[in-house]
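Working notes for the structure below.
The values are calculated or read from the model by the stated rules, or taken from the named source; none is laboratory data. Computed from a predicted model, the values in this text were never measured in an experiment. Cβ coordinates were reconstructed from backbone atoms using ideal geometry, including for glycine residues, and neighbour counts include every protein chain displayed.
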Amino acid sequence: MENKQHSRRDFIANTGKAALAAGLSLTVLPSIAGTGFAPNPFVQQPLPYDYKALEPVIDAMTMEIHYTKHAATYAKNLADALVAEKVDTNATSLENLLRGVSKYSAKMRNNAGGHYNHELFWQCMSAPTNQQPQGKLAAAIAQSFGSIEAFKTQFTDAGKNRFGSGWAWLVLNADKKLVVGSTPNQDNPLMDLSELKGTPVLGLDVWEHAYYLKYQNKRPDYINAWWNAVNWRFVETRFESL
Ligand code: MN3
């Protein structure tokens, strides 16, 4: 472990020197693809846990199909669209692409959204230990929604009531307020054409492919169980970085 961390640090340091030599600004590098500072945000990253890690909330087969088929396909189609529409991924971030997604094709919208949403979704979950939000995030949730329970009810309703396929979100909006809502298909609140706007803090996939093998038509059961697998430590860190 120690050696691995050292070699990673050396790699980052060396890559940093190379970047400086090339005249690139270190401050913008972490959000840019292919620099070695951050994993390329335009490609699918390794799942941060085993397929079975979220059981019994989400079964291993659902996770495997979801990650290797559905999410992998969004990533592949995004790569195709980036080439076809001549997007320079060294000159923009995935977030900026989404903020201006109305300029691109429906294929770009669906797959850039699909890729971003799933990459965030995997991070928002961990082995089900029924974590609860703490610290600044817990305080902000209580302030915006009255209580953690009231927030969960509102978020659960957003997911339950999204007609067809889509996502439920906790979002930090432009006024730095936390709001809950949902988006259709693979849209997300970063998109300029989204009705719900802001930076996603927590996202929940309510497409049937996310839950049908175990829960069939019972989306509310899936959402209620899902709360046990939310990785609140990740969500808190993300919130505090925004
Ligand atoms: Mn999905």
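Say whether the condition of being among the hydroxyl-bearing types (S, T, Y) and either in the same structural domain as R109 (by TED's automatic domain parsing) or within 21 Å of H70 (Cα to Cα) (or both) is met by at least one residue in the range 178-195. Steps first, please.
Taking the range 178-195 first, the residues among the hydroxyl-bearing types (S, T, Y) are 182-183, 194.
After this cut, where a residue has to be either in the same structural domain as R109 (by TED's automatic domain parsing) or within 21 Å of H70 (Cα to Cα) (or both) as well, the list is 182-183.
Scanning the range 178-195, I find at least one residue that is among the hydroxyl-bearing types (S, T, Y) and either in the same structural domain as R109 (by TED's automatic domain parsing) or within 21 Å of H70 (Cα to Cα) (or both), so the answer is yes.
What number of residues within the range 59-89 satisfy the criterion of being touching a Phe, Trp or Tyr at 6+ places or on another chain (Cβ under 8 Å), away from the ligand (no atom under 11 Å from the Cβ) and more than 22 Å from F42 (Cβ to Cβ)?
Going through the range 59-89 one residue at a time, the tally reaches 3.
I want to confirm something. Restricting to the range 118-138 and keeping residues that are within 16 Å of the ligand (Cβ to nearest atom) and of a type in the set (A, V, I, L, M, F, W, C), which single residue is surrounded by the fewest Cβ atoms within 10 Å (Cβ to Cβ)? Lay out the reasoning, then the answer.
Our first condition is that a residue be within 16 Å of the ligand (Cβ to nearest atom); within the range 118-138, this holds for 118-125.
When the remaining residues are screened for being of a type in the set (A, V, I, L, M, F, W, C), the result is 120-122, 124-125.
Details: L120: 20, F121: 18, W122: 22, C124: 21, M125: 22.
The residue in question is F121.
Check L172, L202 and return the single one that is under 16 Å from the mean Cα position of the chain (by Cα), more than 16 Å from the ligand (Cβ to nearest atom) and touching a residue at least 24 places away in the same chain (Cβ under 8 Å). Give the steps one after another, and end with the answer.
Working: L202 fails: more than 16 Å from the ligand (Cβ to nearest atom).
Unique residue meeting the criteria: L172.
Would you point out which residue out of L47, L94 is modelled with pLDDT of 50 or more and within 16 Å of the ligand (Cβ to nearest atom)?
Among L47, L94, only L47 is modelled with pLDDT of 50 or more and within 16 Å of the ligand (Cβ to nearest atom).
Which residue out of A127, A75, A106, A79 is more than 22 Å from T183 (Cβ to Cβ) and free of Cβ contacts under 8 Å to residues at least 60 places away in the same chain? Steps first, answer last, please.
Working: A127 fails: free of Cβ contacts under 8 Å to residues at least 60 places away in the same chain; A75 fails: more than 22 Å from T183 (Cβ to Cβ); A106 fails: more than 22 Å from T183 (Cβ to Cβ).
A79 is the lone residue from the list that is more than 22 Å from T183 (Cβ to Cβ) and free of Cβ contacts under 8 Å to residues at least 60 places away in the same chain.
Look at S182 and say whether it is surrounded by 15 or more Cβ atoms within 10 Å (Cβ to Cβ), closer than 23 Å to L242 by Cα and away from the ligand (no atom under 16 Å from the Cβ). It would help to see each step written out before you state the result.
Working: surrounded by 15 or more Cβ atoms within 10 Å (Cβ to Cβ): yes; closer than 23 Å to L242 by Cα: yes; away from the ligand (no atom under 16 Å from the Cβ): no.
Here the answer is no, as S182 does not meet what is asked.
Okay, residues lined up against (1) assigned to a helix (DSSP H, G or I); (2) within 24 Å of W207 (Cβ to Cβ); (3) among the basic types (K, R):
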{"position": "E95", "(1), (2), (3)": "yes, yes, no"}
{"position": "M108", "(1), (2), (3)": "yes, yes, no"}
{"position": "Y116", "(1), (2), (3)": "yes, yes, no"}
{"position": "W122", "(1), (2), (3)": "yes, yes, no"}
{"position": "L137", "(1), (2), (3)": "yes, no, no"}
{"position": "A140", "(1), (2), (3)": "yes, no, no"}
{"position": "G159", "(1), (2), (3)": "yes, yes, no"}
{"position": "Q186", "(1), (2), (3)": "no, yes, no"}
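What pairs can you find where one residue is in the range 145-161 and farther than 15 Å from Q134 by Cα, the other is charged (D, E, K, R) and at pLDDT 95 or above, and their Cβ atoms are less than 8 Å apart, with a gap of 6+ or different chains?
From residues that are farther than 15 Å from Q134 by Cα, the pairs are G159/R219; K160/R219.
Tell me, which residue of the range 156-168 that is within 19 Å of N185 (Cβ to Cβ) and not small (G, A, S) is surrounded by the most Cβ atoms within 10 Å (Cβ to Cβ)?
In the first step, residues of the range 156-168 are kept if they are within 19 Å of N185 (Cβ to Cβ); the result is 158-168.
From what's left, not small (G, A, S): 160-163, 167.
Numbers: K160: 15, N161: 11, R162: 19, F163: 7, W167: 29.
By that ranking, first place goes to W167.
Could you tell me which numbered condition N130 fails, if it satisfies all but one of (1) touching a strand residue (DSSP E or B) at 6+ places or on another chain (Cβ under 9 Å); (2) in a helix (DSSP H, G or I)?
In the conditions (1) touching a strand residue (DSSP E or B) at 6+ places or on another chain (Cβ under 9 Å); (2) in a helix (DSSP H, G or I), N130 misses (2) alone.
Among the residues of the range 66-91 satisfying the criterion of being among the β-branched types (V, I, T) and more than 18 Å from the chain's Cα centre (by Cα), which is surrounded by the most Cβ atoms within 10 Å (Cβ to Cβ)?
Initial filter on the range 66-91 (among the β-branched types (V, I, T)): 68, 73, 83, 87, 89.
Now narrow it down to the ones that are more than 18 Å from the chain's Cα centre (by Cα): 83, 87, 89.
Working: V83: 10, V87: 17, T89: 19.
In this case the residue turns out to be T89.
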